[in-house]
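*Asks:* Here it is: the structure, laid out below.
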Amino acid sequence: MSDNLETLRQNDPAIYAALKGEEDRQREGIELIPSENYTFPEVLATLGSVFTNKYSEGYPGRRYYGGQEYTDEIETLARERAKLVFKCEHANVQPLSGSAMNQAVYLGLLEPGDTIMAMDLSHGGHLTHGAPVSHMGKLFNFVRYVTNPGDGSIDYDKVRKDALASKPKLVLCGYTSYPRDIDYAAFKDIADEVGALTMTDASHFGGLVAGGAMKNPFDFGFDLMTTTTHKSLRGPRGGMVLCTKSLASKIDKSVFPGLQGGPHMNAVAAIAITLLKAQTDDFRNYARQVLLNAKALAQTFLEADVSLVTGGTDNHMLVVETSSSFGLDGRQAEEVLDEVNITTNKQIIPDDPNPPLRPSGIRMGTPAATARGMLEEDMRQLGAWILKCLKNSQDKNLLGEIRGEVKKFCERFPVPGI
Ligand code: DSN
């Protein structure tokens, strides 16, 4: 045990016990929430380092506090590595979270009341993509597009018609719960026709773009891409705004001083580390395997006639329609799987008649399981357990047996960093 943890154990046993409990939970269970992951050991070490102590308002070479020789170095490395990995002209690595990074784009490039086109929340968009309950939904005029029933495709003719009618300043694609890829060329054409900027919120699949397993919007001439750094990228919690040189100054001013004060330099250092990892063959193989695993898990459900939103997956996630397939709402399904140490999250499905806390489905993803080294055959085993649990949700003996099997299975797959 490190000296710092031993000090914690002695001085705050309650927090120490919770930390150890969480380590056991992560080790003895299978994490299928598609936005979660196991970060690299080097990232864990850096987050608890002396960079936590430092204030660094401003940007490298232009700070408002002294003592910046090392923080300038790590932020410069993080920015340069981000530009290399994502093939873009400018990177701001200071946003504290995914919501902040998206807000920085809207507030830095648009005026309140301007129109933004984005995906509807129940069809897979994020809260910051204009959900009426979010501040962004109140400040800007969001025109929301939806997906087609069945294959869940986006009707680009309809998006174009709506864009011509509403004249958005920004056309935004990207999602938080949509199992398909994006036709960037189609979005770019539509945006060009109405003179709008193009932005992808790649929070979920940023790591898969970095690893070359999914398309990069900058290859299609996009102006902006945002991504969180802790999902498929496997870094610390945080966000980045990546953009063209022409938008760089407005974006930087919007992040600081527009929206935030001091950046979290321990996270900035950890982002730099993550972006070095993202350039390795190991990471490219990881990104590829995430997609293969998602396909294998989806196939296991499809073979059992379970309904999946859009009928399958092209990325790292799947959305299972539990109400129609098992007679369990998303909350019930999530709770049953929690009992056997398989973690998922309840999820609204397109045009869900039910409220978000009792929606009609659950969402699953493979980034975390893949980080532990699980492969397609392991996904088939996982799928078989999930099917058994959801079909026999009242059978406590069976759930107890499966919980034991899951714990034993987990012993074969060490958690990075624990
Ligand atoms: N909370 C993230 C997710 O689970 O997709 C998005 O903000």
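*Asks:* I'd like the full set of residues that are without any contact (Cβ under 8 Å) to a residue 12 or more places away in the chain and within 14 Å of the ligand (Cβ to nearest atom), limited to the stretch 82-133.
*Replies:* Correct list: ALA131, VAL133.
*Asks:* Residues that are modelled with pLDDT of 95 or more, in a loop (DSSP other than H, G, I, E, B) and closer than 23 Å to LYS396 by Cα: does the stretch 331-339 have at least one? Reasoning before the result, please.
*Replies:* Initial filter on the stretch 331-339 (modelled with pLDDT of 95 or more): 331-339.
Restricting the remaining residues to those that are in a loop (DSSP other than H, G, I, E, B) gives none.
So far as the stretch 331-339 goes, no, none of its residues is modelled with pLDDT of 95 or more, in a loop (DSSP other than H, G, I, E, B) and closer than 23 Å to LYS396 by Cα.
*Asks:* Related question: If you go through the stretch 386-408 one residue at a time, how many are touching a residue at least 40 places away in the same chain (Cβ under 8 Å) and in contact with a Phe, Trp or Tyr (Cβ under 9 Å, 6 or more places away or on another chain)? Steps first, please.
*Replies:* If we filter the stretch 386-408 for residues that are touching a residue at least 40 places away in the same chain (Cβ under 8 Å), which is where we start, we get 386-387, 389-391, 393, 399, 402-403, 406-407.
Filter once more, so that each one left must be in contact with a Phe, Trp or Tyr (Cβ under 9 Å, 6 or more places away or on another chain): 386-387, 390-391, 393, 402, 406.
Going through the stretch 386-408 one residue at a time, the tally reaches 7.
*Asks:* Here are the criteria: (1) crowded, with 18+ Cβ neighbours inside 10 Å; (2) under 21 Å from the mean Cα position of the chain (by Cα); (3) away from the ligand (no atom under 16 Å from the Cβ). Tell me which single one PHE140 does not satisfy.
*Replies:* Result: PHE140 fails condition (2) only.
*Asks:* Residue check: is TYR16 touching a helix residue (DSSP H, G or I) at 6+ places or on another chain (Cβ under 6 Å) and without any contact (Cβ under 8 Å) to a residue 60 or more places away in the chain?
*Replies:* Values: touching a helix residue (DSSP H, G or I) at 6+ places or on another chain (Cβ under 6 Å): yes; without any contact (Cβ under 8 Å) to a residue 60 or more places away in the chain: yes.
The answer is yes for TYR16.
*Asks:* Let me ask another. Test SER246 against the criterion of being out of contact with any Cys (no Cβ under 7 Å at 6 or more places or on another chain) and within 16 Å of the ligand (Cβ to nearest atom), and give yes or no. Outline the logic, then answer.
*Replies:* Values: out of contact with any Cys (no Cβ under 7 Å at 6 or more places or on another chain): yes; within 16 Å of the ligand (Cβ to nearest atom): no.
Answer is no for this residue.
*Asks:* A further question on this structure: Mind counting the residues in the stretch 353-373 that are at negative phi and either surrounded by fewer than 18 Cβ atoms within 10 Å (Cβ to Cβ) or part of a helix (DSSP H, G or I) (or both)? Reasoning before the result, please.
*Replies:* Step one: of the stretch 353-373, the residues at negative phi are 353-372.
With the extra rule that they be either surrounded by fewer than 18 Cβ atoms within 10 Å (Cβ to Cβ) or part of a helix (DSSP H, G or I) (or both), the set shrinks to 353-358, 367-371.
So the count comes out to 11.
*Asks:* Additional query: Which ones in the stretch 271-323 are in contact with a Lys or Arg (Cβ under 9 Å, 6 or more places away or on another chain), within 15 Å of ASP151 (Cα to Cα) and in a loop (DSSP other than H, G, I, E, B)?
*Replies:* Once the filter is applied, which keeps residues that are in contact with a Lys or Arg (Cβ under 9 Å, 6 or more places away or on another chain), within 15 Å of ASP151 (Cα to Cα) and in a loop (DSSP other than H, G, I, E, B), the stretch 271-323 yields GLY312, THR313, ASP314, ASN315.
*Asks:* Test ARG79 against the criterion of being farther than 26 Å from THR344 by Cβ, surrounded by 19 or more Cβ atoms within 10 Å (Cβ to Cβ), modelled with pLDDT of 95 or more and away from the ligand (no atom under 16 Å from the Cβ), and give yes or no.
*Replies:* Values: farther than 26 Å from THR344 by Cβ: yes; surrounded by 19 or more Cβ atoms within 10 Å (Cβ to Cβ): yes; modelled with pLDDT of 95 or more: yes; away from the ligand (no atom under 16 Å from the Cβ): yes.
Yes, satisfied.
*Asks:* Consider only pairs whose beta carbons are under 9 Å apart and that are at least six residues apart or on different chains; among these, list those whose first residue lies in the stretch 195-211 and is farther than 9 Å from MET225 by Cβ and whose second residue is within 13 Å of the ligand (Cβ to nearest atom) and among the acidic types (Asp, Glu).
*Replies:* Qualifying pairs under 9 Å: none.
*Asks:* Within the stretch 298-322, which residues are among the hydroxyl-bearing types (Ser, Thr, Tyr) and either out of contact with any helix residue (DSSP H, G or I) (no Cβ under 6 Å at 6 or more places or on another chain) or within 21 Å of GLY207 (Cβ to Cβ) (or both)? Please lay out each step first, then the result.
*Replies:* Looking only at the stretch 298-322, we keep the residues that are among the hydroxyl-bearing types (Ser, Thr, Tyr), and these are 300, 307, 310, 313, 322.
Scanning the stretch 298-322 gives THR310, THR313.
*Asks:* Something else: Restricting the search to the stretch 284-316, which residues are buried (at least 23 other Cβ atoms within 10 Å of the Cβ) and within 19 Å of VAL85 (Cβ to Cβ)?
*Replies:* ALA287, VAL290, ASN315, HIS316
*Asks:* Then there's this: Do we have any residue at all in the stretch 56-73 that's within 19 Å of the chain's Cα centre (by Cα), away from the ligand (no atom under 16 Å from the Cβ) and either more than 22 Å from ALA278 (Cβ to Cβ) or modelled with pLDDT of 95 or more (or both)? Spell out the reasoning first.
*Replies:* First, the residues of the stretch 56-73 that are within 19 Å of the chain's Cα centre (by Cα): none.
No, there is no match, as no residue in the stretch 56-73 is within 19 Å of the chain's Cα centre (by Cα), away from the ligand (no atom under 16 Å from the Cβ) and either more than 22 Å from ALA278 (Cβ to Cβ) or modelled with pLDDT of 95 or more (or both).
*Asks:* Criterion first (free of Cβ contacts under 8 Å to residues at least 24 places away in the same chain, over 13 Å from ALA333 (Cβ atoms) and within 16 Å of the ligand (Cβ to nearest atom)) does PRO367 satisfy it?
*Replies:* Values: free of Cβ contacts under 8 Å to residues at least 24 places away in the same chain: no; over 13 Å from ALA333 (Cβ atoms): yes; within 16 Å of the ligand (Cβ to nearest atom): yes.
The answer is no for PRO367.
*Asks:* Restrict the check to the stretch 216-225 and report whether at least one residue is within 16 Å of the ligand (Cβ to nearest atom) and touching a Lys or Arg at 6+ places or on another chain (Cβ under 9 Å).
*Replies:* Scanning the stretch 216-225 turns up no residue that is within 16 Å of the ligand (Cβ to nearest atom) and touching a Lys or Arg at 6+ places or on another chain (Cβ under 9 Å).
*Asks:* Moving to a separate point now. Step by step: first the residues of the stretch 258-274, then only those that are more than 18 Å from VAL85 (Cα to Cα) and polar (S, T, N, Q), then the one that is surrounded by the most Cβ atoms within 10 Å (Cβ to Cβ). Which residue is that?
*Replies:* For the stretch 258-274, the residue satisfying everything is ASN266.
*Asks:* Considering only the stretch 338-349, state which residues are closer than 18 Å to THR310 by Cα and more than 16 Å from the ligand (Cβ to nearest atom).
*Replies:* Within the stretch 338-349, no residue meets the criteria.
*Asks:* Still on this structure, I have one more. Within the stretch 37-59, track down each residue that is farther than 19 Å from THR228 by Cα and of a type in the set (S, T, N, Q). Give the derivation first.
*Replies:* Our first condition is that a residue be farther than 19 Å from THR228 by Cα; within the stretch 37-59, this holds for 45, 48-59.
Across the stretch 37-59, the qualifying residues are SER49, THR52, ASN53, SER56.
*Asks:* Looking at the stretch 340-352 only, could you name the residues that are under 24 Å from LYS407 (Cα atoms), in contact (Cβ under 8 Å) with a residue 40 or more places away in the chain and outside any loop (DSSP other than H, G, I, E, B)?
*Replies:* Of the stretch 340-352, the ones under 24 Å from LYS407 (Cα atoms) are 340-346.
Still in the running and in contact (Cβ under 8 Å) with a residue 40 or more places away in the chain: 340-345.
If the condition is that a residue be under 24 Å from LYS407 (Cα atoms), in contact (Cβ under 8 Å) with a residue 40 or more places away in the chain and outside any loop (DSSP other than H, G, I, E, B), then ILE342, THR343, ASN345 are the ones that fit.
*Asks:* Limited to the stretch 2-49, what total is found for residues that are within 28 Å of GLY400 (Cα to Cα), within 16 Å of the ligand (Cβ to nearest atom) and not charged (D, E, K, R)?
*Replies:* 6
The values are calculated or read from the model by the stated rules, or taken from the named source; none is laboratory data. Treat the numbers as computed from the prediction; the structure is a model and nothing was measured. All Cβ positions, glycine included, derive from the backbone under ideal geometry; neighbour counts span all protein chains shown.
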